[in-house]
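One structure is given here, and the rest of the page talks about it.
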Amino acid sequence: MNLATTIFLASMASVSVTAQAQAQIASMPTSGSVVIVPAYGEVTHVNDQVVATFAIEEQDKDKQAAASRVNQKMKQGTALVRQADPQALLKTQGYYTYPVYPEQRADGSAPKVRVATAWRVGQYLQLTTTNLAALPKTVASAQSLLTLNSLQFGLSPATSKKLDDERIAATYQNLNERMSSIARAMGRSVTDAVLDTVDFEGSGAYAQQDGMAAAPMMRGAMMKAESAQVEEPSFEPGETTLQMRLVGTVKFR
């Protein structure tokens, strides 16, 4: 017997053993079996909402003077934003006032008594809008007085609700497809499978994460906004993908 014949016979023997094992598995009794079936769903949509945070900060030896300039510029900046995007939802927040102390002396020693040399005053303005077409104009208009501190694209509540419905449907469809595949692998008809329980909270993926972190406090290195006209910036909203995982319990009659 030559080497080629030996390899061929060994290969045929392996196939025969595999076929016998599959036949034994298929012939195993499955009545009353309980199968845990995980399923997954995913949907994607272009972002249609943005949350922008603008800020203003002033520093002065006179605390009242710094506060007065902040109040005036925030009022004017808010008016500019409201004029550029009347449908936007505006929210002022994060008003702060804190002293500025001198740095260490030339010899590296610190003064015995810390006396504030100036005051830093600032405030934030949050804008939420679905008018993305007007966003560059709105931001440029605000930047003539305020500073753009952060920009976060996402989904509007209406789109989130619609996408959540689609995500649930996609995940449930995947469950049915997997149930059919498992039934075929077990040599059973899918009509013999009864869906006993469905756990939509099995992975915790249903909980939305809050991607809007609090804006950090501005420091002295922050560039102050100028009153000159600002060129319109360019933005790409991107897209959001929502995922879901569920676990189903299937019983075979």
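Tell me which of these Arg219 doesn't satisfy, since it passes every other one: (1) modelled with pLDDT under 85; (2) surrounded by 13 or more Cβ atoms within 10 Å (Cβ to Cβ).
If we test Arg219 against (1) modelled with pLDDT under 85; (2) surrounded by 13 or more Cβ atoms within 10 Å (Cβ to Cβ), just (2) comes out false.
Does Lys75 satisfy the criteria of being open to solvent by 70 Å² or more (accessible area, probe 1.4 Å), farther than 15 Å from Asn149 by Cα and modelled with pLDDT of 95 or more?
yes
Taking the range 31-72 on its own, how many of its residues are within 27 Å of the chain's Cα centre (by Cα), open to solvent by less than 80 Å² (accessible area, probe 1.4 Å) and within 30 Å of Arg245 (Cβ to Cβ)?
Looking only at that region, the number is 11.
Has the range 223-242 got any residue that is at pLDDT below 90, open to solvent by less than 60 Å² (accessible area, probe 1.4 Å) and out of contact with any helix residue (DSSP H, G or I) (no Cβ under 7 Å at 6 or more places or on another chain)?
Scanning the range 223-242, I find at least one residue that is at pLDDT below 90, open to solvent by less than 60 Å² (accessible area, probe 1.4 Å) and out of contact with any helix residue (DSSP H, G or I) (no Cβ under 7 Å at 6 or more places or on another chain), so the answer is yes.
Give the range 46-93 a look and list any residue that's assigned to a loop (DSSP other than H, G, I, E, B) and aliphatic (A, V, I, L, M), or say none.
If the condition is that a residue be assigned to a loop (DSSP other than H, G, I, E, B) and aliphatic (A, V, I, L, M), then Ala88 is the only one that fits.
This table checks each residue for (1) more than 27 Å from Ser150 (Cβ to Cβ); (2) touching a Pro at 6+ places or on another chain (Cβ under 9 Å); (3) modelled with pLDDT of 85 or more; (4) exposed (fewer than 10 other Cβ atoms within 10 Å of the Cβ).
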residue	(1), (2), (3), (4)
Ile182	yes, no, yes, no
Val190	yes, no, no, no
Asp199	yes, no, yes, no
Ala205	no, no, no, no
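Enumerate the pairs (first residue in the range 125-154 and open to solvent by 40 Å² or more (accessible area, probe 1.4 Å); second residue anywhere and basic (Lys, Arg)) with beta-carbon separation below 6 Å, excluding pairs fewer than 6 apart on the same chain, so at least 6 apart or on different chains.
Listed pairs, sorted by first residue: Gln126/Lys91.
Could you please find all residues in the range 227-253 being in a loop (DSSP other than H, G, I, E, B) and among the acidic types (Asp, Glu)?
Glu231, Glu232, Glu236
The values are calculated or read from the model by the stated rules, or taken from the named source; none is laboratory data. The structure displayed is predicted, hence computed values, not measured ones. When we count neighbours, we look across all protein chains shown, and the Cβ atoms used for this are built from the backbone with ideal geometry, even at glycine. Protein only, heavy atoms only, side chains kept; ligands, DNA and RNA dropped before computing areas. Shrake-Rupley method; radii C 1.70, N 1.55, O 1.52, S 1.80 Å.
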